[in-house]
1. Name every residue in segment 105-122 that is under 12 Å from ARG72 (Cα atoms), in a loop (DSSP other than H, G, I, E, B) and not aliphatic (A, V, I, L, M), in order of residue number.
2. Which ones in segment 172-186 are assigned to a loop (DSSP other than H, G, I, E, B) and of a type in the set (Asp, Glu)?
3. Please work out which residue is farthest from GLY234 (Cα to Cα), limiting yourself to segment 152-170 and to residues that are out of contact with any Asp or Glu (no Cβ under 9 Å at 6 or more places or on another chain), among the small types (Gly, Ala, Ser) and buried (at least 19 other Cβ atoms within 10 Å of the Cβ).
4. So for segment 256-267 (the condition being in a loop (DSSP other than H, G, I, E, B), of a type in the set (Val, Ile, Thr) and surrounded by 19 or more Cβ atoms within 10 Å (Cβ to Cβ)), does at least one residue qualify?
5. Could you tell me which residue of segment 128-173 is farthest from ASP63 (Cα to Cα), considering only residues that are in contact with a Gly (Cβ under 9 Å, 6 or more places away or on another chain) and of a type in the set (Val, Ile, Thr)?
6. For segment 214-238, give me each residue that is in contact with a strand residue (DSSP E or B) (Cβ under 8 Å, 6 or more places away or on another chain) and crowded, with 23+ Cβ neighbours inside 10 Å.
7. Of the residues GLY75, GLY32, GLY117, GLY49, which is under 18 Å from the mean Cα position of the chain (by Cα), surrounded by 16 or more Cβ atoms within 10 Å (Cβ to Cβ), touching a residue at least 24 places away in the same chain (Cβ under 8 Å) and over 30 Å from LEU237 (Cβ atoms)?
8. Can you tell me which residue among HIS71, HIS76 is in contact with a Gly (Cβ under 9 Å, 6 or more places away or on another chain) and assigned to a loop (DSSP other than H, G, I, E, B)?
Amino acid sequence: MNSVQDTNLSDELMQGMYSEMLRIRRVEEQIGADAQAGKIPGAVHLYIGQEAVGVGFCNHLSDDDWIASTHRGHGHFLAKGGDSNLLMAEIYGRKGGMCKGHGGSMHVADFSKGIIGANGIVGAGISITTGAAWAAQLDGNGAVGVAFFGDGAANQGVLAEALNVAMLWKLPVIFVCENNGFSEFSPSSTVTAGNIVDRAKPYGANHEVVDGNDVMAVWHCAARAIEHARNGEGPSLIEARTYRTRGHVEAEATFLGSTYRTEEEVEMWKARDPITAFASQLLESGQATQEVLDKIDADIVA
């Protein structure tokens, strides 16, 4: 799963994906700071460290395509074109939020952008997206559905059920498991048998493992899976191996009696940060200068 360089792709596309990843990071950093300060009602789960997955997939999608997300859904919302100001207002529970403050962090949605919604019920988006894909197939509009879920959700029976019906009916749906190594506070190795991607094999479904910290590897993987779906060839199960560098939930240190991972492990993954790695790739390939990257950051935080 080595880094994929794409000097044949336009500078605009490459810089655009960098901008989207960085926008998600800056929004999440602000949310995290406010959550730590007690300014946000309820729990928030940040997408920091996993930005390459949402951006790599959603870059291929239009407003007519559907996504469903998880309790860790801010990044998917933004990557699919959601408004950051409406997202922030929603998280704060304000009437001017995307869902008038009723959805909050874990249930933000925007049907006009094809965002069925984040979901606090583990694995719920898998079946919902399968239904959206069935509707798209019946309508014949060429749309696809992409379900983002975590490695913990992969252990829910709904994944087997959805894979079965999606393969049986050749539904245009992609199941994207963002395997960040933990099911809440439990290492995946303690709760998950075998490789998640192998669960596609009994159904004969297309499947692939991708480096979830390499946005271009994700982008190419997404292109293949989405083309497969649009061509009427049925579903795909993608296992994107990544890592969340923040806690399962903000302020978890206040109620966890002991840690479930080491600082050395977190630092090792921070050294593989998807945004830093992509910035280096853009500079090395000549598809962006440091001045361009600095301006992108300045425009985001302005």
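1. Here is the first cut: in segment 105-122, the residues under 12 Å from ARG72 (Cα atoms) are 105-108, 117-122.
Still in the running and in a loop (DSSP other than H, G, I, E, B): 105-108, 118-122.
Across segment 105-122, the qualifying residues are SER105, HIS107, ASN119, GLY120.
2. Listed by number, the list holds a single entry, GLU184.
3. Of segment 152-170, the ones out of contact with any Asp or Glu (no Cβ under 9 Å at 6 or more places or on another chain) are 153, 155-169.
Still in the list and also among the small types (Gly, Ala, Ser): 153, 157, 160, 162, 166.
Subsequent filtering for residues that are buried (at least 19 other Cβ atoms within 10 Å of the Cβ) retains 153, 162, 166.
Working: ALA153: 21, ALA162: 12, ALA166: 7 Å.
Across segment 152-170, the extreme among qualifying residues is ALA153.
4. Filtering segment 256-267 down to residues in a loop (DSSP other than H, G, I, E, B) leaves 256-262.
Checking the rest, the ones that are also of a type in the set (Val, Ile, Thr) come to 259, 262.
With the extra rule that they be surrounded by 19 or more Cβ atoms within 10 Å (Cβ to Cβ), the set shrinks to none.
The answer is no; no qualifying residue exists.
5. The extreme case among them is VAL158.
6. Step one: filter segment 214-238 for residues in contact with a strand residue (DSSP E or B) (Cβ under 8 Å, 6 or more places away or on another chain), giving 217-218, 221-222, 224-226, 228-229, 233-238.
Once the filter is applied, which keeps residues that are in contact with a strand residue (DSSP E or B) (Cβ under 8 Å, 6 or more places away or on another chain) and crowded, with 23+ Cβ neighbours inside 10 Å, segment 214-238 yields VAL218, CYS221, ALA222, ALA225, ALA229, PRO235, SER236, LEU237, ILE238.
7. On the way: GLY75 fails: over 30 Å from LEU237 (Cβ atoms); GLY117 fails: over 30 Å from LEU237 (Cβ atoms); GLY49 fails: over 30 Å from LEU237 (Cβ atoms).
Of GLY75, GLY32, GLY117, GLY49, the one residue that is under 18 Å from the mean Cα position of the chain (by Cα), surrounded by 16 or more Cβ atoms within 10 Å (Cβ to Cβ), touching a residue at least 24 places away in the same chain (Cβ under 8 Å) and over 30 Å from LEU237 (Cβ atoms) is GLY32.
8. Details: HIS76 fails: assigned to a loop (DSSP other than H, G, I, E, B).
Residue meeting the stated conditions: HIS71.
Read-outs throughout are calculated quantities, based only on the coordinates presented, and are distinct from any laboratory measurement. As the structure is a prediction and not an experimental result, all values here were calculated from the model. Methodologically, a virtual Cβ is constructed for each residue, glycine included, from the backbone with ideal geometry; neighbour enumeration extends over all protein chains shown.
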